[in-house]
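The values are calculated or read from the model by the stated rules, or taken from the named source; none is laboratory data. It should be emphasised that the depicted structure is a prediction, and the values quoted were computed from it without experimental measurement. Every residue, glycine among them, receives a Cβ derived from its backbone with ideal geometry; neighbour counts consider all protein chains shown. The accessibility values were calculated without ligands, DNA or RNA, using every heavy atom of the protein model including side chains. Shrake-Rupley method; radii C 1.70, N 1.55, O 1.52, S 1.80 Å.
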Amino acid sequence: MNRLILVIGAVFTLGLVSCDNDDDTDDTTQAYDRGPMLENYSQNIILPRLQDFHEKTASLHESVEALKQKTNSQNLAEARESWKQAYQSFQYCNAFNFGPGDQIDGTFLEKLGTFPPDTTQIETYISQNDTTFNNFNRNTRGFTALDYMLFNRDENATVQYLNGQNRMNYVLAVSRRIKTVTDKILADWQQYASSFESNLNVEAGSPTSLFYNSFVKSYEAVKNFKTGLPLGKRPGQQAAEPYQAQAYFSGYSNELMQAHLESIYQLYEGIGVDGSDREGLADFVESTYGGQSLAADTREQWNSVTDAFENLPQKPIHELVLENQTEMDDYYTELSKQTRFFKSDMSSKLGISITYDSGDGD
């Protein structure tokens with residue numbers, strides 16, 4: 001894994017006192033020109049990421065169509081690879097659950113990324129040949145459903161499983177829905193971009209507030225659900241539940257978490273898909289009174305997070321929970337420490353309220 005390092009050692013502006021002073025937060029956030037930051041997020045990060053995801057979901061649907069026409073090992077392998085590529089791309093987009101990503105029937109993330117799958121209900125819909133998705137069972141569709149149907153058996157057994165007409169109908173309907181949802185959010189974002197870039201306020205409901213909240217929520221999904229849930233750290237859990245890991249059937253959870261962590265790092269720093277570091281949340285923090293100290297502390301803790309992740313063997317998360325629980329607990333601890341910087345301290349420094357319900361997952 002490429003080391004996800006947030007470089008420490010910010011250059012302090014002459015005369016700027018490196019300490020927190022919440023009384024001055026409003027003045028400093030107003031002084032910072034958020035226009036370049038919002039334009040960078042819109043033009044160099046969000047739209048290009050959504051475009052890449054759009055292309056990969058189109059490839060996924062094409063591969064599933066080919067699999068339906070001829071259900072054999074070769075087409076299954078291509079569908080599995082297309083699923084993996086699309087799901088990895090989704091990790092770089094799953095923080096965009098505001099504006100066009102927040103619809104009346106659920107957020108972008110809820111529609112495509114809810115896990116773990118309800119395999120019993122999936123089989124019920126298959127037996128009924130019900131591909132309407134006219135229900136609230138989000139864990140029966142999206143990437144989680146394909147993880148179960150494409151990977152729950154070895155290659156030959158999966159080919160036999162998918163030779164059932166109802167099953168292949170369901171797989172095709174799921175891939176079509178993924179593509180349809182993605183088509184819409186990309187088109188809507190292309191229309192929304194200008195208003196996102198031009199509104200420079202920070203109050204609740206403003207683009208900056210919506211983006212920041214979505215960023216923090218995306219981070220917390222790594223801690224609470226992709227890590228905490230299989231470890232048994234969530235309220236009501238009595239023990240580890242490895243089967244609750246993301247991508248349990250395919251075993252790609254480690255690679256997906258790596259992509260998610262990289263996404264968070266790039267969003268915080270404002271790094272575009274071309275690798276250029278432009279204006280981002282880190283710059284916004286550094287512009288505030290005492291913000292450079294907070295940014296340095298945030299980067300230092302993020303280094304601890306990535307160190308803990310890199311210390312994990314390169315195995316699926318559900319296997320790590322069973323075989324390397326000490327290292328997983330250490331990783332979870334470092335993630336928990338990071339929450340203070342991304343959520344509490346950063347919210348206070350920028351004068352932006354946390355407005356989401358942190359009980360939600362992805």
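A few remarks follow.
- Index of the failed condition, Ser293 passing every other in (1) hydroxyl-bearing (Ser, Thr, Tyr); (2) open to solvent by 10 Å² or more (accessible area, probe 1.4 Å); (3) under 21 Å from Lys223 (Cα atoms): (3)
- Criterion applied to Leu50, Leu76 was being more than 30 Å from Gly164 (Cβ to Cβ), in contact with a Leu (Cβ under 7 Å, 6 or more places away or on another chain) and surrounded by 17 or more Cβ atoms within 10 Å (Cβ to Cβ), and the one residue passing it is Leu50.
- Filter result for the condition that a residue is open to solvent by 10 Å² or more (accessible area, probe 1.4 Å), out of contact with any strand residue (DSSP E or B) (no Cβ under 8 Å at 6 or more places or on another chain), of a type outside the set (A, V, I, L, M) and under 25 Å from Asn213 (Cα atoms), over Gln258, Gln338: Gln258
- In summary, helices (runs of 4 or more DSSP H) completely within region 205-271 and bearing 2 or more residues that are farther than 21 Å from Asp329 by Cβ occur at 207-221, 253-269.
- Residue pairs meeting the criteria (Cβ under 9 Å; at least 6 apart or on separate chains; first on the phi > 0 side of the Ramachandran plot, in region 261-274; second open to solvent by 10 Å² or more (accessible area, probe 1.4 Å) and in a helix (DSSP H, G or I)): Gly270/Asn44; Gly270/Asp283
- Identity of the residue in region 346-360, open to solvent by 40 Å² or more (accessible area, probe 1.4 Å) and of a type in the set (D, E, K, R), that ends up modelled with the highest pLDDT: Asp357
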